[in-house]
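Written below as structure tokens is the structure these notes are about.
No lab work stands behind these numbers, since they all come straight from the coordinates. All values reported here derive from a predicted model rather than from experimental measurement. All Cβ positions, even for glycine, are placed from backbone atoms using ideal geometry, and neighbour counts span all protein chains on display.
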Amino acid sequence: MEELSRELYGNIGVVSKILFYICAFTSMGIFAYGIFKRRKLWRIGKATGEKIDWVASAKALRTRVLSQKTVRSGVRKKKAGLFHTLMFFGFIILFIGTVLVAVEEYGHILFGIEGENLFHKGIYFAIYEVFLDTFGLLYTVGAAWFLVRMIQKGREDSVGYRKSDFFLVTALFVIGWSGYWLEGLRIIRENTAYPWLSYVGNAHAHLFQFLGVNEGNISAVHLSIWWFHGLLVFSFIASFPYTRLLHVIAGTYNLVLVRRKPGDMIPVTVEELEETGKVGVENVQDFSQRQLLSLDACVSCGRCTDACPATEAGKPLSPRDVVQDIRKHFNEVAPLVIDARKNDRDELEDEALAAAPNLHGDVISAETLWSCTTCNACHEVCPLDVSPVSIITDMRRFLIGEGALSGPPAAALQKVQRSGNPWGLPARDRFNWAEGLDVPTVQSNPGFEILYWIGCSATYDRRIQKVAHSVVKLLELAGVNYATLGPEERCTGEFARRMGDEFLFQESAENNIQVLKKYNVKSIITHCPHCLNSLNKDYPQFGGDYEVMHHSQYLSSLIKDDKLKVDSKAVIKEDGSITYHDPCYLARVNGIDSEPRHLIEAAAGDKALEEVARSGCESSCCGAGGGRMWFDDEPEERIGRTRVEELLETKAKTVAVSCPFCLTMMTDGIAAKTDKVQIKDISEILAEAIEETKKISSHTDNNKYKKI
Amino acid sequence: MKILVPTKRVPDPDQPIHLNADKTAADLSGIPCIINPFDAIALEEALRIREEERSQAGSDIEIVAVCIGPQACEKEIRIALAMGADRAVHVVSDEYIDSWVASSLLKAVVDKEQPDLIIMGKQAIDADNNQAGQFLAHHLNWPQATFASEISFEGDRVKVARETDTGIENVSMTLPAVITTDLRLNEPRYASLPAMMKAKRKPVDISTPEDLGVAVEPRVEIISMETLSAKRNCVRVNNVDELIAKLKEAGAL
């Protein structure tokens with residue numbers, strides 16, 4: 001049997017080898033210098049002092065990077081996700097393959113072994129060859145797809161096109177392909193045994209032979225292709241920090257070490273305000289170092305802009321442009337900041353900095369910032385965990401601090417400030433919604449187990465009051481030992497925080513936390529996803545730790561525990577008669593999407609639900625989040641207008657929601673189109689079904705009675 | 001240039017108002033107060049004038065907010081300073097003050113401060129008198145333009161578009177002058193908590209009517225007040241015909 005093996009550095013003379021190492025070290029030097037330079041730029045940002053959780057990071061490396069899940073999840077850019085994954089795995093395997101060859105080479109040098117290979121031979125090498133050829137093929141196919149897409153789309157059309165992109169994508173492909181040229185030439189030159197194991201390389205060997213490569217010219221051809229491939233790889237390595245390839249490093253850091261969750265916001269302290277005299281981001285150096293790094297993670301793929309409801313409504317906001325515009329500005333300004341700091345000049349009075357464009361106004365307009373509903377769709381779809389939302393809310397903080405907001409949204413904030421609710425209605429009327437209902441309060445029922453948080457909408461808005469009435473009815477039916485805060489509740493401050501009014505939020509939160517502490521509240525249910533999100537994610541930052549449940553979760557558990565009984569046969573509704581709109585802050589930000597569906601199934605049978613095109617995490621915003629509720633938009637300019645059309649396309653007679661804001665927005669939007677569709681909270685649908693069940697069972701009971 | 005902006009403290013219009021025991025005034029206990037919305041518009045206009053002027057080199061505009069009322073007005077003064085007034089004058093008085101006394105006190109402040117322009121609300125939303133601005137112009141013998149919906153400068157004159165019942169009247173005045181503002185002039189900016197914290201450092205000049213040499217002797221006395229019946233008869237109708245029938249029934253048609 002012929003010995004299967006390969007020669008290392010076959011056909012490569014000493015001079016070439018020396019030159020090769022010089023090139024290798026040069027390219028790695030350029031790489032390291034570039035990363036060092038970027039790091040210096042990132043460090044003009046604020047250090048947040050957040051500790052790295054290495055265990056969670058290790059897990060994230062597996063689940064978020066190695067799995068390539070983030071680039072493939074979602075409905076958008078499925079193909080790009082697939083080919084990126086092929087390229088990723090191909091790249092990793094080829095890289096490991098190269099490392100193994102290096103181990104072989106240095107093994108020889110280290111242990112002074114001459115001649116035969118240590119392990120690149122025999123059966124191992126047979127497997128190695130097949131394996132590498134296959135993954136190399138996947139890699140090359142992936143790269144080819146991106147190259148074709150770029151050529152087809154044209155440069156101008158290609159998202160956030162940079163001049164280096166064409167070189168980059170071409171190089172990615174040619175590196176992969178030219179690897180096979182080399183393999184083919186090696187097979188010819190070394191007359192490798194079992195060449196069909198390297199099936200792609202072997203095909204190239206045949207091709208080269210057909211093209212006239214023979215024993216006479218093989219050495220020259222091989223050497224020149226070897227250098228071509230090598231130089232291309234070195235320039236590729238060197239270009240890492242200077243091109244989009246930087247996303248490999250910055251993106252991995254972002255995905256693995258930062259892992260910002262949607263809905264998370266970093267608090268500002270009063271001390272910080274006193275020290276710096278401002279809140280939020282005025283200039284690019286006011287961003288956190290992690291945010292600046294995340295700008296470099298962005299490859300400008302545009303998933304965020306495709307998912308943005310504000311973009312969809314024609315608002316002057318595109319999350320990708322926000323990130324890319326700030327990145328461009330950052331590249332321009334960061335060196336000036338470093339220079340000013342190095343020379344001990346005041347950044348605010350520095351001439352060079354003053355001459356540069358302003359982040360606010362010149363780079364990002366106030367209209368752009370105020371267009372965001374903080375629905376988090378952009379962050380959710382980002383394969384590299386970039387959060388345009390956090391960039392926007394941090395910049396809003398500055399605008400609020402400067403008083404750069406007027407009209408109805410400013411009035412809503414002022415009203416929370418003085419009356420504890422965005423309508424400015426009297427705090428003492430907070431319990432009027434429960435008039436005539438005998439709803440227990442923390443005072444009338446001090447031994448309560450669970451607190452029902454009402455929220456401002458159900459307190460003052462007559463339509464939403466009905467939601468609270470339904471929930472109360474269901475809690476009473478199930479015999480739950482609950483209570484409400486009565487007039488002592490006030491706005492959670494959720495929308496104030498997302499609008500950038502951090503201190504109004506903190507004031508509201510501290511107030512509420514004190515009240516909740518006074519009554520020793522441990523568990524809370526609420527029908528409002530915004531209250532839920534604030535109690536769940538914001539309040540723990542200020543010492544308020546509670547078990548917080550959405551009413552859909554709690555009602556669903558009551559049904560499962562048989563405390564709420566619905567005769568599912570009696571209440572079955574027509575197939576597809578109900579559709580469900582997932583609220584952003586419920587499904588996307590807090591991951592609650594199965595319980596509301598369980599309630600619909602319980603209340604109307606398992607065929608009643610007709611899913612809308614975008615559901616669950618993919619849901620599209622009604623337009624009221626992030627304080628947008630308080631902006632006056634003309635109907636045709638409203639965010640969520642297309643969502644209304646999408647919901648109506650399901651032909652369902654009832655649109656189920658589970659958020660007071662969504663209920664208001666969808667009711668307005670649908671009323672403008674048709675009067676044939678009802679909009680209801682899931683608790684209302686459930687309460688009606690139980691009411692129906694009762695009617696039917698009392699009917700049958702009566703009949704029985706008559707018979708007896 | 002110096003702009004004086006009188007800012008009155010009034011009860012929050014979103015809150016239901018109850019009368020005191022002898023029905024001569026509103027019972028303000030527990031009612032949050034705000035800057036009279038028309039005065040807030042006046043202050044916003046002063047701030048915008050300053051911001052626009054700022055881009056022109058060499059101009060320096062000082063904005064002084066004036067508040068007449070009890071100690072509790074501190075909070076609204078803070079808001080005015082947070083919005084952007086440079087400093088404030090607080091004339092402390094717990095007594096009932098009518099428009100004449102208010103304008104007399106303002107005149108005393110004007111004599112001291114010597115502003116080039118006074119911008120104030122056309123009326124305060126508590127008493128709705130619509131007199132203080134006009135009285136002040138009288139005391140000072142200055143030109144006045146009431147109900148402004150647009151203000152601009154032309155050389156050393158100020159141009160004001162006045163909202164009248166029948167349309168817009170454009171007038172031009174010499175300075176110094178008094179302008180009272182209408183609703184559509186602008187939308188006041190938001191004074192956030194950080195801005196209010198920073199405003200703590202701005203100076204507030206505190207005085208009393210005696211310090212200013214003005215006797216608090218109101219010429220108008222409130223004899224009694226009555227609230228409108230809050231009872232409303234709401235009926236839900238199912239269609240337009242029913243609505244018309246109901247309106248006819250109620251004598252509205």
Assign unit charges at the C-beta atoms only (+1 for Lys and Arg, -1 for Asp and Glu), then state the dipole size of the range A:325-391 relative to its Cα centre in Debye, rounded to the nearest 20.
220 debye
Take the cross-link list A:Lys77/A:Lys573; A:Lys466/A:Lys573; A:Lys46/A:Lys79; A:Lys46/A:Lys517; A:Lys77/A:Lys569; A:Lys315/A:Lys537 and give me the ones stretching past 32 Å between alpha-carbons.
A:Lys77/A:Lys573; A:Lys46/A:Lys79; A:Lys46/A:Lys517; A:Lys77/A:Lys569
Considering only DSSP beta bridges whose two residues both sit in the range B:2-225, what percent are antiparallel, to the nearest 5?
40 percent
Karplus-derived 3J(HN,Hα), 6.51/-1.76/1.60, for each residue of the range A:630-639, Hz, glycine and proline x
9, 8, 8, 10, 5, x, 6, 9, 5, 5
In debye, nearest 20, what is the charge dipole magnitude of chain A about its Cα centre with +1 on Lys and Arg Cβ and -1 on Asp and Glu Cβ, if you could check?
1000 debye
Go ahead and run the numbers for FRET between B:Ala21 and A:Asn432, Cβ-Cβ distance against an R0 of 41 Å, rounding to 0.05.
0.95
For the range B:78-121, list residues with backbone N below 20 Å from a point placed 7 Å from the Cα of A:Ala366 toward its Cβ?
B:79-86
Residues with beta-carbon under 11 Å from that of A:Ile639, excluding A:Ile639: net charge, scoring Lys, Arg +1 and Asp, Glu -1?
+2
Which lysines have a Cα lying under 25 Å from the Cα of B:Lys107, excluding residues fewer than 8 positions away in the same chain?
B:Lys2, B:Lys8, B:Lys75, B:Lys122, B:Lys159, B:Lys202
Those lysines that a straight Cα-Cα span of less than 23 Å connects to B:Lys246, excepting residues fewer than 8 apart in one chain
B:Lys231
Whole-Hz ³J(HN,Hα) from phi, Karplus 6.51 cos²θ - 1.76 cosθ + 1.60, for the range A:417-429, glycine and proline x:
4, 9, 10, x, 8, x, 8, x, 6, x, 4, 6, 8
Environment charge at A:Ala496 (Cβ cut-off 12 Å; Lys +1, Arg +1, Asp -1, Glu -1):
+1
Of A:Ser619, A:Gln506, B:Tyr96, which is farthest on the positive side of the dipole of the protein assembly as shown, counting Cα position, with +1 on Lys and Arg Cβ, -1 on Asp and Glu Cβ, and the Cα centre as origin?
A:Ser619
Least to most buried among A:Trp453, A:Trp145, by other C-beta atoms within 10 Å and fewest first, runs A:Trp145, A:Trp453
Any idea which of B:Ala145, B:Pro11, B:Ala65 is furthest toward the positive side of the dipole for the range B:2-225, if Lys and Arg beta-carbons carry +1 and Asp and Glu beta-carbons -1?
B:Ala65
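Can you tell me which of A:236-242, A:362-368, A:206-212, B:40-46 comes out highest on packing, and rank the rest after it, using the mean Cβ neighbours within 10 Å?
B:40-46, A:236-242, A:362-368, A:206-212
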Label model pair A:Asp606, A:Lys522: point-to-point distance (7 angstrom along the Cα→beta-carbon line) in nm is 3.6 nm
Sorting B:Glu187, A:Glu502 on the 10 Å Cβ count, fewest up front, what's the list?
B:Glu187, A:Glu502
Counting alpha carbon pairs within less than 8 Å and at least 6 residues apart, what relative contact order, in whole percent, applies to chain A?
12 percent
Run the quick spin-label model on B:Asp111 and B:Arg87: label points 7 Å from Cα toward the beta carbon, then report their separation in nm to one decimal.
2.0 nm
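Can you work out the FRET efficiency for the pair B:Ile31 and A:Val515, with r the C-beta to C-beta distance and R0 = 25 Å, to the nearest 0.05?
Calculated transfer efficiency: 0.70.
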Among B:Ile206, A:Val333, A:Leu100, the residue whose Cα sits farthest towards the positive end of the charge dipole of the protein assembly as shown (+1 at Cβ of Lys and Arg, -1 at Cβ of Asp and Glu, taken about the Cα centre) is A:Leu100
In terms of Cα to Cα distance under 16 Å, which aspartates and glutamates are near enough to B:Lys23, apart from those fewer than 8 places away along the same chain?
B:Asp126, B:Glu221, B:Glu226
Helix A:594-604 against the longest principal axis of chain A: what's the angle in degrees, Cα atoms only, rounded to the nearest 10?
50 degrees
Antiparallel bridge percentage (DSSP; both residues within the protein assembly as shown; nearest 5):
30 percent
The range B:69-184, dipole about Cα centre (Lys/Arg Cβ +1, Asp/Glu Cβ -1), debye to the nearest 20:
220 debye
Under the Karplus relation with 6.51, -1.76 and 1.60 and θ = phi - 60°, whole-Hz ³J(HN,Hα) for the range A:516-521, x at Gly and Pro, equal 5, 5, 4, 9, 6, 7
Please compute the modelled spin-label separation between A:Lys342 and A:Lys153, points set 7 Å along Cα→Cβ, answer in nm with one decimal.
3.7 nm
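Out of every Cα pair in the range B:2-225, what percent are spaced more than 25 Å from each other? Please list the in-between numbers first.
Values: 9349 of 24976 pairs.
Of all Cα-Cα distances in the range B:2-225, 37 percent exceed 25 Å.
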Between B:Gln144 and residues 5 or more places away or on another chain, which pairs have amide H atoms under 5 Å apart, with H built 1.01 Å from N, and which residues are they?
B:Val178
Among B:Leu175, B:Leu140, B:Leu193, which one shows the biggest mean-square fluctuation in a GNM of chain B, springs joining Cα atoms closer than 10 Å?
B:Leu193
A:Asp681's amide H: which non-local residues (gap 5+, or another chain) put their own amide H closer than 5 Å, with H modeled 1.01 Å from N in plane and none for Pro or chain starts?
A:Val657
